[in-house]
Amino acid sequence: MKCQYCSNPATVHLTDLVKKQKKELHLCQACAEQQQLLKKNELNLQTIVQVLLGQHVGPLPDELARLTCPRCGIKFMEFREQGRLGCPHDYEVFRAGLEPLLAKIHRAGRHVGKTPRLQPPAEQVSELLQLRSQLRAAVEAEAYEEAARLRDLIRRKESCG
């Protein structure tokens, strides 16, 4: 879709209801800024995250502001600015700052949604990979009886867990 004022591609799409009539406006970034419909950098992720974190975490105690993850090296202040943690260990390191935020966002202090299915032990995964490799080799060698036996064995191991 093209801008209604120039021939550039429209990236800003506004819909307004006036007397129960839908009015649409399609503009490029430059025309939207020129019409003062969009201010430069009005909606950027860092600003949104900073606003959310500032509201829910509140003023930072000095010790929280100085925290740094020993594994990935991210500082709590970097998380506040970027809105992204560096590694799973950050949840423990920054617990004091994250708990109020997560409680506000999720309305709970504990996960209550779906959880992933249990993963098979690493030994079983390794064994299944080895059996599949043997199955592939048996099929390539046209050893179909051996391939059928390996196929059945793989199916049994996968179904038993």
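The values are calculated or read from the model by the stated rules, or taken from the named source; none is laboratory data. In this text, all values refer to a predicted model and were calculated from it rather than measured experimentally. A quick note on method: Cβ atoms are made from the backbone with ideal geometry, for glycine too, and the neighbour counts reach across all protein chains shown.
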Legend entry - Top-ranked residue of the stretch 69-81 - restricted to ones that are more than 10 Å from residue 94 (Cβ to Cβ) and out of contact with any Cys (no Cβ under 8 Å at 6 or more places or on another chain), ranked as surrounded by the fewest Cβ atoms within 10 Å (Cβ to Cβ): 70
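Tell me whether the stretch 146-157 contains one or more residues that are among the small types (Gly, Ala, Ser), part of a helix (DSSP H, G or I) and not assigned by TED's automatic domain parsing to the domain that holds residue 84. Please lay out each step first, then the result.
Our first condition is that a residue be among the small types (Gly, Ala, Ser); within the stretch 146-157, this holds for 147-148.
Checking which are part of a helix (DSSP H, G or I) leaves us with 147-148.
Now restrict to residues that are not assigned by TED's automatic domain parsing to the domain that holds residue 84: 147-148.
Yes; the residues of the stretch 146-157 include at least one that is among the small types (Gly, Ala, Ser), part of a helix (DSSP H, G or I) and not assigned by TED's automatic domain parsing to the domain that holds residue 84.
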Inset, instruction - Return the pairs, sorted by first residue and then second, in which the second residue is of a type in the set (S, T, N, Q), the first residue lies in the stretch 10-25 and is free of Cβ contacts under 8 Å to residues at least 12 places away in the same chain, the beta carbons are less than 8 Å apart, and the residues are 6+ apart or on different chains. - result: 22/15; 23/15; 24/15
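Quick check on residue 129: is it modelled with pLDDT of 85 or more and either exposed (fewer than 11 other Cβ atoms within 10 Å of the Cβ) or under 22 Å from residue 160 (Cβ atoms) (or both)?
On the way: modelled with pLDDT of 85 or more: yes; either exposed (fewer than 11 other Cβ atoms within 10 Å of the Cβ) or under 22 Å from residue 160 (Cβ atoms) (or both): yes.
Taking the combined requirement at face value, the residue satisfies it.
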Inset, instruction - Using the structure shown, decide if residue 88 is surrounded by 12 or more Cβ atoms within 10 Å (Cβ to Cβ) and either assigned to a helix (DSSP H, G or I) or without any contact (Cβ under 8 Å) to a residue 60 or more places away in the chain (or both). - result: no
Inset, instruction - For the stretch 91-123, name all the residues that are without any contact (Cβ under 8 Å) to a residue 12 or more places away in the chain and assigned to a helix (DSSP H, G or I). - result: 91, 92, 95, 98, 99, 102, 103, 106, 122, 123
